[in-house]
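J.: Starting off with a structure, shown below.
The values are calculated or read from the model by the stated rules, or taken from the named source; none is laboratory data. What you see is a predicted model, and the numbers here were worked out from it, not measured in a lab. Cβ sites come from the backbone with ideal geometry, for glycine too, and all protein chains shown count toward neighbours. Side chains included, ligands, DNA and RNA excluded: accessible areas come from the protein's heavy atoms. Shrake-Rupley method; radii C 1.70, N 1.55, O 1.52, S 1.80 Å.
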Amino acid sequence: MKRVYNFSAGPSMLPFDVLEKAQTELLNYNDSGMSVMELSHRSGLFTDIITGAEQRLRELMGIPDNYKVLFIQGGASQQFAMVPMNLLTKSGKADYVNTGSWSKKAIKEAQKYGDIRVIASSEDENFTYIPEVDASMIDPEADYVHITTNNTIEGTAFRDIPDTGNVPLIADVSSNILSEPLDISKFGMIYAGAQKNIGPAGLTVVIVRDDLIGHAPENCPTMLDYKTHSESGSLYNTPPTFGIYMAKLVFDWLHELGGLKEMQKINEQKAALLYDFIEASDFYASPVKEDSRSIMNIPFVIPDYELDAKFVEEAQAQGLETLKGHRSVGGMRASIYNAMPVAGVEALVDFMKEFEQANK
Ligand SMILES: *Cc1c(COP(=O)(O)O)cnc(C)c1O
(Lines give C-alpha, C1' and ligand atoms only; values in the text may rest on other atoms or scores of the structure.)
Protein backbone atom coordinates (compact mmCIF):
# COMPACT_ATOMS: atom_id res chain seq x y z
CA MET A 1 0.00 0.00 0.00
CA LYS A 2 1.25 3.46 -0.88
CA ARG A 3 1.63 5.87 2.05
CA VAL A 4 3.48 9.17 1.78
CA TYR A 5 5.06 11.42 4.39
CA ASN A 6 2.65 14.33 4.38
CA PHE A 7 4.20 17.63 5.52
CA SER A 8 0.96 19.57 5.08
CA ALA A 9 0.17 22.33 7.59
CA GLY A 10 -3.38 21.01 7.92
CA PRO A 11 -5.29 18.84 7.46
CA SER A 12 -2.22 16.80 8.20
CA MET A 13 -1.04 13.28 8.94
CA LEU A 14 -2.84 11.08 11.42
CA PRO A 15 -1.03 8.29 13.27
CA PHE A 16 -1.06 5.15 11.12
CA ASP A 17 -2.22 2.99 14.05
CA VAL A 18 -5.19 5.31 14.58
CA LEU A 19 -6.26 5.04 10.93
CA GLU A 20 -5.92 1.28 11.08
CA LYS A 21 -7.98 1.04 14.25
CA ALA A 22 -10.70 3.20 12.69
CA GLN A 23 -10.65 0.98 9.62
CA THR A 24 -11.06 -2.15 11.72
CA GLU A 25 -14.02 -0.64 13.53
CA LEU A 26 -15.55 1.14 10.56
CA LEU A 27 -18.31 -1.24 9.57
CA ASN A 28 -19.20 -2.65 12.96
CA TYR A 29 -18.33 -0.49 15.93
CA ASN A 30 -18.19 -2.40 19.19
CA ASP A 31 -20.60 -5.06 17.92
CA SER A 32 -23.33 -2.50 17.25
CA GLY A 33 -23.65 -3.53 13.62
CA MET A 34 -23.13 0.14 12.72
CA SER A 35 -20.30 2.54 12.06
CA VAL A 36 -19.69 5.37 14.54
CA MET A 37 -21.02 7.72 11.83
CA GLU A 38 -24.39 5.99 12.04
CA LEU A 39 -24.72 5.98 15.84
CA SER A 40 -27.15 8.32 17.54
CA HIS A 41 -25.30 11.04 19.41
CA ARG A 42 -27.65 10.24 22.33
CA SER A 43 -26.82 6.52 22.35
CA GLY A 44 -24.94 4.83 25.15
CA LEU A 45 -22.13 3.87 22.80
CA PHE A 46 -21.59 7.46 21.70
CA THR A 47 -21.87 8.74 25.27
CA ASP A 48 -18.96 6.45 26.13
CA ILE A 49 -16.96 7.84 23.20
CA ILE A 50 -17.45 11.52 24.07
CA THR A 51 -16.95 11.12 27.82
CA GLY A 52 -13.98 8.83 27.17
CA ALA A 53 -12.45 11.42 24.83
CA GLU A 54 -12.87 14.16 27.42
CA GLN A 55 -11.47 12.01 30.22
CA ARG A 56 -8.41 11.03 28.19
CA LEU A 57 -7.77 14.64 27.16
CA ARG A 58 -8.07 15.77 30.80
CA GLU A 59 -5.48 13.17 31.83
CA LEU A 60 -3.10 13.97 28.98
CA MET A 61 -3.16 17.74 29.50
CA GLY A 62 -3.71 17.75 33.26
CA ILE A 63 -6.79 19.94 32.86
CA PRO A 64 -7.91 21.30 36.26
CA ASP A 65 -11.49 20.53 37.42
CA ASN A 66 -12.57 24.17 37.15
CA TYR A 67 -12.14 24.10 33.37
CA LYS A 68 -14.74 22.81 30.90
CA VAL A 69 -13.81 20.88 27.77
CA LEU A 70 -16.09 21.65 24.80
CA PHE A 71 -16.24 19.74 21.52
CA ILE A 72 -17.77 22.10 18.99
CA GLN A 73 -17.66 23.07 15.30
CA GLY A 74 -16.72 26.11 13.25
CA GLY A 75 -12.94 25.73 13.40
CA ALA A 76 -10.47 28.00 15.13
CA SER A 77 -11.74 30.75 12.84
CA GLN A 78 -15.13 30.72 14.55
CA GLN A 79 -13.35 31.18 17.88
CA PHE A 80 -11.97 34.46 16.53
CA ALA A 81 -15.58 35.70 16.89
CA MET A 82 -16.81 33.58 19.80
CA VAL A 83 -14.01 34.78 22.07
CA PRO A 84 -14.97 38.49 21.87
CA MET A 85 -18.71 37.72 21.74
CA ASN A 86 -18.48 35.83 25.04
CA LEU A 87 -15.65 37.54 26.83
CA LEU A 88 -15.56 41.18 25.73
CA THR A 89 -18.35 41.98 28.16
CA LYS A 90 -16.99 44.04 31.07
CA SER A 91 -14.77 46.90 29.87
CA GLY A 92 -15.22 46.00 26.20
CA LYS A 93 -11.44 46.23 25.82
CA ALA A 94 -8.97 43.48 24.96
CA ASP A 95 -5.22 43.29 24.30
CA TYR A 96 -3.91 41.20 21.40
CA VAL A 97 -0.42 40.11 20.39
CA ASN A 98 0.14 40.14 16.63
CA THR A 99 2.52 37.32 15.64
CA GLY A 100 1.29 36.38 12.18
CA SER A 101 -1.50 35.75 9.71
CA TRP A 102 -3.77 33.90 12.16
CA SER A 103 -3.28 36.52 14.88
CA LYS A 104 -4.19 39.20 12.37
CA LYS A 105 -7.41 37.43 11.50
CA ALA A 106 -8.26 37.08 15.20
CA ILE A 107 -7.61 40.80 15.70
CA LYS A 108 -9.70 41.82 12.71
CA GLU A 109 -12.65 39.76 13.88
CA ALA A 110 -12.44 41.01 17.48
CA GLN A 111 -12.45 44.63 16.24
CA LYS A 112 -16.08 44.11 15.24
CA TYR A 113 -16.99 43.73 18.91
CA GLY A 114 -14.99 46.21 20.93
CA ASP A 115 -11.90 48.21 21.62
CA ILE A 116 -8.94 46.08 20.54
CA ARG A 117 -5.38 47.13 21.26
CA VAL A 118 -2.32 45.45 19.74
CA ILE A 119 0.22 45.48 22.58
CA ALA A 120 3.07 43.75 20.74
CA SER A 121 3.77 42.78 17.16
CA SER A 122 6.52 41.25 15.04
CA GLU A 123 5.05 42.49 11.78
CA ASP A 124 8.00 44.90 11.38
CA GLU A 125 10.21 41.90 10.57
CA ASN A 126 7.73 39.79 8.65
CA PHE A 127 6.75 37.84 11.80
CA THR A 128 10.10 36.05 12.02
CA TYR A 129 10.27 36.36 15.83
CA ILE A 130 8.09 36.37 18.94
CA PRO A 131 7.93 39.84 20.52
CA GLU A 132 8.47 40.41 24.23
CA VAL A 133 5.23 40.52 26.22
CA ASP A 134 5.22 41.40 29.89
CA ALA A 135 2.65 42.27 32.51
CA SER A 136 3.44 46.01 32.37
CA MET A 137 2.17 46.20 28.78
CA ILE A 138 -1.25 44.87 29.68
CA ASP A 139 -4.24 47.10 30.39
CA PRO A 140 -5.43 45.94 33.84
CA GLU A 141 -8.99 46.73 32.73
CA ALA A 142 -8.79 44.56 29.61
CA ASP A 143 -11.32 41.73 29.53
CA TYR A 144 -8.59 39.41 28.23
CA VAL A 145 -5.26 39.11 26.43
CA HIS A 146 -5.04 37.01 23.25
CA ILE A 147 -1.99 35.21 21.85
CA THR A 148 -1.28 32.59 19.18
CA THR A 149 1.10 30.12 20.83
CA ASN A 150 2.36 28.59 17.57
CA ASN A 151 2.31 30.48 14.29
CA THR A 152 1.64 27.83 11.69
CA ILE A 153 2.47 29.91 8.64
CA GLU A 154 5.53 31.76 9.95
CA GLY A 155 7.03 28.88 11.99
CA THR A 156 7.39 30.74 15.28
CA ALA A 157 6.25 29.75 18.77
CA PHE A 158 6.17 31.26 22.25
CA ARG A 159 8.86 29.56 24.37
CA ASP A 160 7.36 30.95 27.57
CA ILE A 161 3.75 31.75 28.22
CA PRO A 162 3.47 35.45 29.15
CA ASP A 163 2.28 36.30 32.65
CA THR A 164 -0.85 38.41 32.31
CA GLY A 165 -1.60 38.72 36.01
CA ASN A 166 -5.33 38.90 36.73
CA VAL A 167 -6.29 39.46 33.11
CA PRO A 168 -7.35 36.12 31.55
CA LEU A 169 -5.01 34.85 28.85
CA ILE A 170 -6.75 33.36 25.81
CA ALA A 171 -4.70 31.37 23.31
CA ASP A 172 -5.13 29.94 19.85
CA VAL A 173 -3.22 26.66 20.23
CA SER A 174 -4.44 25.11 16.96
CA SER A 175 -1.05 24.06 15.67
CA ASN A 176 0.75 23.01 18.85
CA ILE A 177 -1.86 21.58 21.19
CA LEU A 178 -0.70 18.17 22.53
CA SER A 179 2.81 18.63 21.10
CA GLU A 180 4.23 19.16 24.59
CA PRO A 181 2.88 19.70 28.12
CA LEU A 182 1.05 23.01 28.64
CA ASP A 183 0.10 24.47 32.02
CA ILE A 184 -3.62 25.09 31.51
CA SER A 185 -3.89 27.03 34.77
CA LYS A 186 -1.99 29.92 33.13
CA PHE A 187 -4.88 30.43 30.71
CA GLY A 188 -8.46 31.57 30.90
CA MET A 189 -9.16 29.63 27.75
CA ILE A 190 -7.44 27.83 24.89
CA TYR A 191 -8.87 26.64 21.60
CA ALA A 192 -7.78 24.54 18.63
CA GLY A 193 -9.12 23.36 15.30
CA ALA A 194 -8.63 19.59 15.27
CA GLN A 195 -7.03 19.12 11.87
CA LYS A 196 -3.40 19.62 12.95
CA ASN A 197 -2.74 17.59 16.08
CA ILE A 198 -6.10 16.16 17.13
CA GLY A 199 -8.00 14.50 14.30
CA PRO A 200 -10.03 15.22 11.18
CA ALA A 201 -11.23 18.72 10.28
CA GLY A 202 -14.69 19.66 11.54
CA LEU A 203 -14.05 19.46 15.28
CA THR A 204 -12.88 22.32 17.47
CA VAL A 205 -11.68 21.81 21.04
CA VAL A 206 -12.25 24.60 23.58
CA ILE A 207 -10.92 24.41 27.13
CA VAL A 208 -12.38 27.24 29.19
CA ARG A 209 -12.33 28.22 32.87
CA ASP A 210 -15.75 28.05 34.58
CA ASP A 211 -15.92 31.70 35.57
CA LEU A 212 -15.57 32.86 31.95
CA ILE A 213 -18.73 31.05 30.88
CA GLY A 214 -22.18 32.66 31.04
CA HIS A 215 -21.40 36.30 30.30
CA ALA A 216 -22.51 36.46 26.66
CA PRO A 217 -25.06 39.20 25.92
CA GLU A 218 -28.76 38.35 25.45
CA ASN A 219 -28.54 38.61 21.67
CA CYS A 220 -25.65 36.15 21.36
CA PRO A 221 -26.76 33.30 19.07
CA THR A 222 -27.36 30.15 21.12
CA MET A 223 -24.80 28.13 19.19
CA LEU A 224 -22.11 30.79 19.73
CA ASP A 225 -22.53 30.95 23.51
CA TYR A 226 -20.05 28.79 25.46
CA LYS A 227 -22.76 28.25 28.08
CA THR A 228 -24.89 26.30 25.58
CA HIS A 229 -22.16 23.75 24.98
CA SER A 230 -20.96 23.69 28.56
CA GLU A 231 -24.42 22.99 30.03
CA SER A 232 -25.21 20.28 27.50
CA GLY A 233 -21.90 18.40 27.62
CA SER A 234 -21.30 19.44 23.97
CA LEU A 235 -24.60 17.75 23.03
CA TYR A 236 -26.93 20.73 22.53
CA ASN A 237 -27.22 19.72 18.90
CA THR A 238 -25.53 16.96 16.91
CA PRO A 239 -21.78 17.29 17.49
CA PRO A 240 -19.19 16.12 14.92
CA THR A 241 -19.50 12.54 16.15
CA PHE A 242 -16.96 10.84 13.91
CA GLY A 243 -14.41 13.59 14.54
CA ILE A 244 -14.81 13.15 18.29
CA TYR A 245 -14.34 9.38 17.90
CA MET A 246 -11.16 9.93 15.86
CA ALA A 247 -9.91 12.45 18.43
CA LYS A 248 -10.43 9.84 21.15
CA LEU A 249 -8.34 7.35 19.18
CA VAL A 250 -5.58 9.97 18.84
CA PHE A 251 -5.75 10.73 22.60
CA ASP A 252 -5.51 6.98 23.32
CA TRP A 253 -2.52 6.76 20.97
CA LEU A 254 -0.78 9.58 22.87
CA HIS A 255 -1.54 7.82 26.16
CA GLU A 256 -0.02 4.57 24.85
CA LEU A 257 3.03 6.50 23.71
CA GLY A 258 3.61 7.67 27.28
CA GLY A 259 1.88 11.07 27.29
CA LEU A 260 2.89 14.59 26.35
CA LYS A 261 6.38 14.61 27.90
CA GLU A 262 7.27 11.65 25.73
CA MET A 263 5.64 13.29 22.70
CA GLN A 264 7.66 16.44 23.37
CA LYS A 265 10.94 14.47 23.34
CA ILE A 266 10.12 12.97 19.97
CA ASN A 267 8.98 16.33 18.56
CA GLU A 268 12.16 18.04 19.77
CA GLN A 269 14.23 15.27 18.22
CA LYS A 270 12.45 15.70 14.86
CA ALA A 271 12.81 19.50 14.88
CA ALA A 272 16.49 19.24 15.83
CA LEU A 273 17.16 16.84 12.94
CA LEU A 274 15.84 19.37 10.49
CA TYR A 275 17.16 22.54 12.11
CA ASP A 276 20.66 21.13 12.71
CA PHE A 277 20.85 20.18 9.08
CA ILE A 278 19.64 23.61 7.88
CA GLU A 279 22.10 25.38 10.20
CA ALA A 280 25.04 23.31 8.96
CA SER A 281 24.14 23.86 5.32
CA ASP A 282 25.14 26.88 3.26
CA PHE A 283 22.49 26.00 0.67
CA TYR A 284 19.37 26.13 2.86
CA ALA A 285 18.48 28.83 5.38
CA SER A 286 15.87 29.43 8.07
CA PRO A 287 14.01 32.76 8.05
CA VAL A 288 13.08 32.37 11.74
CA LYS A 289 15.06 33.80 14.70
CA GLU A 290 16.58 31.00 16.70
CA ASP A 291 14.88 31.76 20.02
CA SER A 292 11.43 31.88 18.41
CA ARG A 293 11.42 28.65 16.43
CA SER A 294 8.43 26.34 16.31
CA ILE A 295 8.98 22.60 16.64
CA MET A 296 5.80 21.94 14.61
CA ASN A 297 6.13 24.10 11.47
CA ILE A 298 9.59 24.63 10.00
CA PRO A 299 9.91 27.00 7.05
CA PHE A 300 13.17 27.04 5.12
CA VAL A 301 14.40 28.77 1.99
CA ILE A 302 16.89 28.17 -0.78
CA PRO A 303 18.50 31.53 -1.46
CA ASP A 304 18.13 30.82 -5.19
CA TYR A 305 14.36 30.80 -4.93
CA GLU A 306 13.93 29.77 -8.54
CA LEU A 307 14.67 26.25 -7.31
CA ASP A 308 11.61 26.17 -5.02
CA ALA A 309 9.21 24.65 -7.54
CA LYS A 310 11.77 22.02 -8.56
CA PHE A 311 12.39 21.11 -4.92
CA VAL A 312 8.71 20.66 -4.19
CA GLU A 313 8.10 18.64 -7.33
CA GLU A 314 11.07 16.28 -6.88
CA ALA A 315 10.30 15.79 -3.19
CA GLN A 316 6.74 14.86 -4.07
CA ALA A 317 7.98 12.28 -6.56
CA GLN A 318 9.81 10.65 -3.62
CA GLY A 319 6.73 10.51 -1.40
CA LEU A 320 7.46 13.72 0.52
CA GLU A 321 4.18 15.57 0.14
CA THR A 322 3.10 19.23 0.45
CA LEU A 323 6.37 21.00 1.19
CA LYS A 324 5.51 24.25 -0.57
CA GLY A 325 5.74 27.23 1.77
CA HIS A 326 2.76 29.48 2.44
CA ARG A 327 2.39 32.16 -0.22
CA SER A 328 3.04 34.92 2.33
CA VAL A 329 6.43 33.47 3.33
CA GLY A 330 7.58 31.65 0.17
CA GLY A 331 10.18 28.90 0.10
CA MET A 332 9.33 25.60 1.73
CA ARG A 333 7.62 24.58 4.94
CA ALA A 334 7.74 21.20 6.66
CA SER A 335 4.91 20.73 9.14
CA ILE A 336 6.00 17.94 11.46
CA TYR A 337 3.08 17.46 13.81
CA ASN A 338 2.78 14.63 16.35
CA ALA A 339 1.84 12.01 13.75
CA MET A 340 4.91 12.60 11.54
CA PRO A 341 7.32 9.77 12.34
CA VAL A 342 11.04 10.41 12.90
CA ALA A 343 11.63 8.35 9.75
CA GLY A 344 9.66 10.94 7.75
CA VAL A 345 11.97 13.75 8.87
CA GLU A 346 15.01 11.57 8.17
CA ALA A 347 13.71 10.92 4.66
CA LEU A 348 13.24 14.67 4.16
CA VAL A 349 16.78 15.46 5.33
CA ASP A 350 18.18 12.76 3.02
CA PHE A 351 16.28 14.26 0.11
CA MET A 352 17.50 17.77 1.01
CA LYS A 353 21.11 16.53 0.93
CA GLU A 354 20.65 14.94 -2.50
CA PHE A 355 18.90 18.02 -3.85
CA GLU A 356 21.68 20.27 -2.57
CA GLN A 357 24.36 18.14 -4.23
CA ALA A 358 22.51 18.08 -7.54
CA ASN A 359 21.75 21.81 -7.64
CA LYS A 360 24.57 23.61 -5.87
C1 LIG B 1 -5.13 26.33 11.04
C2 LIG B 1 -5.17 27.46 12.01
C3 LIG B 1 -6.31 28.26 12.18
C4 LIG B 1 -7.55 28.09 11.33
O5 LIG B 1 -8.22 26.96 11.73
P6 LIG B 1 -9.64 26.58 11.10
O7 LIG B 1 -10.01 25.41 11.97
O8 LIG B 1 -9.42 26.25 9.67
O9 LIG B 1 -10.56 27.73 11.27
C10 LIG B 1 -6.28 29.25 13.13
N11 LIG B 1 -5.19 29.45 13.90
C12 LIG B 1 -4.08 28.72 13.76
C13 LIG B 1 -2.90 28.99 14.63
C14 LIG B 1 -4.03 27.70 12.82
O15 LIG B 1 -2.92 26.96 12.68
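J.: Taking every pair of Cα atoms in region 155-203, average 1/r, invert it to obtain the Kirkwood radius, and report Rg/Rh to two decimals.
T.: 0.99
J.: Using modelled amide H (1.01 Å from N, peptide plane; none on Pro or chain starts), what sits under 5 Å from the amide H of Val118, excluding residues fewer than 5 places away?
T.: Amide H neighbours of Val118, under 5 Å, 5+ apart: Tyr96.
J.: Now, a different point. Relative to a virtual label point 7 Å from the Cα of Asp304 in the Cα→beta-carbon direction, which members of region 328-347 show backbone nitrogen distances below 17 Å?
T.: The answer is 331-332.
J.: Okay, next question. When the expected Rg is taken as 2.2 N^0.38 Å, what fraction or multiple of it is the alpha-carbon Rg of region 298-348?
T.: Working it through for region 298-348, the quotient is 1.12.
J.: Restricting to bridges with both residues inside region 16-257, how much of the DSSP beta-bridge set is antiparallel, in percent to the nearest 5?
T.: 45
J.: Given N residues in the chain, what is its alpha carbon radius of gyration divided by 2.2 N^0.38 Å?
T.: The value comes to 1.01.
J.: At what distance in angstrom do the alpha carbon centres of region 84-102 and region 1-17 lie from each other?
T.: 34
J.: Could you check the simple spin-label distance between Thr89 and Met1, using points 7 Å along Cα→Cβ, in nm with one decimal?
T.: Taking the simple label geometry, Thr89 and Met1 are separated by 4.7 nm.
J.: Post the alpha-carbon centroid distance, region 316-360 to region 124-154, in whole angstrom.
T.: So the separation of the two Cα centres works out to 29 Å.
J.: Only helical DSSP H runs with n ≥ 4 go in: add -39500 (n - 2.57) per run for the chain, normalise by residue count and round the 222 nm mean residue ellipticity to 500 deg cm²/dmol.
T.: Value at 222 nm, helices only, nearest 500: -11000 deg cm²/dmol.
J.: Per residue, what volume in Å³ does the Cα convex hull of region 218-268 take up?
T.: 120
J.: To the nearest 20 Debye, how big is the dipole of region 270-360 about its Cα centre, given +1 on the beta carbon of each Lys and Arg and -1 on that of each Asp and Glu?
T.: Using Cβ point charges on Lys, Arg, Asp and Glu, region 270-360 gives about 320 debye.
J.: Would you mind giving the three semi-axes, in whole Å and largest first, of the ellipsoid equivalent to region 187-335 according to its Cα gyration tensor?
T.: They are 38, 18, 17 Å, listed largest first.
J.: Can I ask one more? Using +1 at the C-beta of Lys and Arg and -1 at the C-beta of Asp and Glu, which of Pro221, Ser122, Asn197 has the Cα lying farthest in the positive direction of the dipole of region 16-257?
T.: Checking the options against the dipole of region 16-257, the answer is Pro221.
J.: If you don't mind, another one. Please work out how much length the chain gains when fully extended from Ser281 to His255, using 0.36 nm per residue of separation minus the C-alpha to C-alpha distance, in nm with one decimal.
T.: Using 0.36 nm per residue and subtracting the Cα-Cα distance, I get 5.7 nm.
J.: Same structure, new question: Leaving out ligands, DNA and RNA, and with a 1.4 Å probe, what % of the accessible surface on the chain is carbon or sulfur?
T.: 48
J.: Continuing with this model, one more query. Nothing charged except the Cβ atoms of Lys and Arg (+1) and of Asp and Glu (-1): what's the magnitude of the dipole of the chain about its Cα centre? Round to the nearest 20 debye.
T.: 720
J.: With r as the distance between the Cβ atoms of Lys289 and Glu346 and R0 = 35 Å, compute the FRET efficiency 1/(1 + (r/R0)^6) and round to 0.05.
T.: That pair, Glu346 with Lys289, gives E of 0.85.
J.: Right, here's the next one. Taking 8 Å as the Cα distance limit and 6 or more residues as the minimum spacing, I'd like the relative contact order of the chain as a percentage.
T.: 23
J.: Right, next: Taking only protein heavy atoms and a 1.4 Å probe, what accessible area per residue, in Å², does region 16-257 have with all protein chains in place?
T.: Solvent-accessible surface per residue comes out at 42 Å².
J.: Contour minus end-to-end for Asp65 and Asp211, with contour as 0.36 nm per residue of separation and end-to-end as the Cα-Cα distance?
T.: Stretched fully, the Asp65-Asp211 segment lengthens by 51.3 nm.
J.: May I pose another question? Order Arg56, Arg159, Arg3 by their accessible area, 1.4 angstrom probe, all chains in place, largest first.
T.: Final ranking, largest accessible area leading: Arg159, Arg3, Arg56.
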